[in-house]
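A short worksheet on the structure shown next.
The values are calculated or read from the model by the stated rules, or taken from the named source; none is laboratory data. Because the structure is predicted, anything quoted here is derived from the model rather than measured. Cβ atoms come from the backbone with ideal geometry, glycine included; neighbour counts cover every protein chain shown. Side chains included, ligands, DNA and RNA excluded: accessible areas come from the protein's heavy atoms. Shrake-Rupley method; radii C 1.70, N 1.55, O 1.52, S 1.80 Å.
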Amino acid sequence: ARSLLKNRWDDLASTRRNARLLFEALEIDEKLFNACFQLPPVAVFSGHMIDSPTRSSPRFPGHQCVQIKRALKKTLREFAPGFGYSSGACGGDILFLESILELGGEINVTLPGSPGSFIKQSVEIHPDFDWSKRFEKVMRQAGTCVQASEDTFETSPETYRYTNLLFSGLAMDRANKLSTDVRAFAVWDGRPEKRITGGTAEMIDHWRQQGIS
């Protein structure tokens, strides 16, 4: 059954629930069960956008993109998540989504508003690295795309906070349905004092409160 279902994760989770009842009733070694029915963890991500050309103090300069993606992909490979949940801003988000796809996983994207508005505010902020094309490419491969708000104009910090909480909640719900773990990943400058509403530090605090590591 496991080999036939392959990556049909929801069906596999249902099969696993029924198989667990049989394993328990027949007193079969749990190690055999885990070997047959292990599902990959769910990855949730938050990260800084690439620095705009007008940013006064560097936080995520463009020349670090290759290095950051290499490190991010290496870490993701160690945990082998089957699913990724994040938003789609230039910089950390897109690097994460690309990495999940390159590792054979499924991506799920949540945007704060309409795609057109989001591209103007959070993707096209730097002329280099073809962020718009990269955004469109990952969106074409997304398993799901959720729009947190119908707003097509300037998005407020509270909308970004809601977006973060929404995709984090969707990741936790997916993990719960599949009886697997949630793993949190971030591209962060490590400055906890700068807790911007809807920012990465705030999201990391939320994950810690939820017991997500």
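Brief remarks follow.
- A straight chain from residue 78 to residue 2 at 0.36 nm per residue would run longer than the Cα-Cα distance by 25.1 nm.
- Accessible surface ranking that places the most exposed of 57, 99 first, with a 1.4 angstrom probe: 57, 99
- Between residue 132 and residue 64, the simple spin-label model (points 7 angstrom out along Cα→Cβ) gives 2.7 nm.
- Portion, in percent, of the accessible area of the stretch 163-211 that falls on carbon or sulfur, probe 1.4 Å: 46 percent
- Per-atom-type breakdown for the stretch 53-104 gives carbon and sulfur 52% of the accessible area (1.4 Å probe, protein chains only).
- With a cut-off of 12 Å between beta carbons, the residues surrounding residue 126 carry a summed charge of -2, where Lys and Arg count +1 and Asp and Glu -1.
- Contact order normalised by residue count of the stretch 1-92, Cα under 8 Å, 6+ apart, percent: 33 percent
- For the chain: accessible area per residue (Å², 1.4 Å): 55 Å²
- Within the listed set 68, 28, 107, the residue fluctuating most in the Gaussian network model of the chain (springs between alpha-carbon atoms under 10 angstrom) is 28.
- Placing dummy labels 7 Å off each Cα toward the beta-carbon, the span from residue 57 to residue 103 is 3.2 nm.
- Approximate spin-label separation residue 196-residue 71, in nm, with each point projected 7 Å along Cα-to-Cβ: 1.9 nm
- Taking the chain and dividing mean pair separation by its residue count, relative contact order in percent (alpha carbons under 8 Å, at least six apart): 24 percent
- Only the Cβ atoms of Lys and Arg (+1) and of Asp and Glu (-1) were treated as charged; on that basis the dipole of the stretch 41-102 about its Cα centre amounts to roughly 180 debye.
- Cα centroids of the stretch 154-176 and the stretch 182-213: 13 Å apart.
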